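Okay, structure first, notes after.
The values are calculated or read from the model by the stated rules, or taken from the named source; none is laboratory data. Since the structure is predicted, the reported quantities are computational estimates derived from the model, not experimental observations. So basically every Cβ, Gly included, is an ideal-geometry build from the backbone, and we count neighbours across all protein chains shown. Heads up: the accessible areas ignore ligands, DNA and RNA and are worked out on the full protein's heavy atoms, side chains in. Shrake-Rupley method; radii C 1.70, N 1.55, O 1.52, S 1.80 Å.
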Amino acid sequence: MRASSHSNGSATELLLLGLLADERMHGYELKRRIDTTFGALMTMSWGSLYPALAKLERRGLIRSEVGGASMAQIDSRKLSGALAAELALLQRGDQPALGRRNRKVYAITTTGEEELLQLLRRLAIDDDRTFWVALAFSARLSETERLGLFEQRVSIVKERVDVLRKLSASSVGLRHVKDGLEYRLDAELQWIERELKDLREQHTLSR
């Protein structure tokens, strides 16, 4: 795992491959999983999801097949917000290709599994979104690699805290932002150091 700049596209690939490695899903299920699990970090529109899936399929990292439940079988009353609105559009026929009973279901390939592992090992974690996406699928890494992931994150967060504490706020509003960011980073640092301590203890016991 590197801590250097990397494209957001790779984080998106990691997210899609990781979710499909856990379970085969159709596009709607994928979008719902992204919105409900990773919504605080990122969103993905229909217009970006399907081109991303097509790209992965062209590269042989995922495969698609026809099947799955009909959109009519999904109760929009159990949803809220953007998902409910988008489902209503699909059921109304604004995107008929997605509303058919026999639509594409996506699954990861063996090549995709290998690429997922390589992405986890080489993807940059110097931005928040990439770190949390990588963490979601880090169980596929070795204990040593997971330790490295957490150790790099600790280093990055500590550096951010140091930079913030050296900044001077020229207004009340900027001081609120500075204090809020410091509080959030301190909380993450406390949590991640506890996790790192547990991982180190587990690693010692397993040797």
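The table below gives the values:
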{"quantity": "Karplus-derived 3J(HN,Hα), 6.51/-1.76/1.60, for each residue of segment 191-202, Hz, glycine and proline x", "calculated": "5, 6, 5, 5, 4, 5, 4, 4, 4, 5, 5, 4"}
{"quantity": "Segment 162-207, accessible surface, carbon-and-sulfur percent (1.4 angstrom probe)", "calculated": "54"}
{"quantity": "Whichever lysines have a C-alpha closer than 23 Å to that of Lys166, once near sequence neighbours (fewer than 8 apart) are set aside", "calculated": "Lys158, Lys178"}
{"quantity": "Inter-label distance, nm, simple model (7 Å from Cα along the C-beta direction), Ala187/Ala136", "calculated": "2.0"}
{"quantity": "Per-residue ³J(HN,Hα) for segment 38-43, Karplus 6.51 cos²θ - 1.76 cosθ + 1.60, θ = phi - 60°, Hz, x for Gly and Pro", "calculated": "10, x, 6, 9, 7, 10"}
{"quantity": "J(HN,Hα) series, segment 155-167, from Karplus relation 6.51 cos²θ - 1.76 cosθ + 1.60, nearest Hz, glycine and proline x", "calculated": "4, 5, 5, 4, 5, 5, 4, 4, 5, 4, 5, 8, 6"}
{"quantity": "Partner lysines for Lys55 [C-alpha distance under 19 Å; skip if fewer than 8 residues away on the same chain]", "calculated": "Lys31, Lys104"}
{"quantity": "All aspartates and glutamates inside 20 Å of Lys197 as judged from Cα atoms, apart from same-chain residues fewer than 8 positions distant", "calculated": "Glu143, Glu145, Glu151, Glu159, Asp186, Glu188"}
{"quantity": "Amide hydrogen neighbours beyond the local backbone of Leu167, cut-off 5 Å, H modeled", "calculated": "none"}
{"quantity": "Residue-span extension gain [Ser155 to Ala40] - 0.36 nm each, minus C-alpha spacing", "calculated": "39.1 nm"}
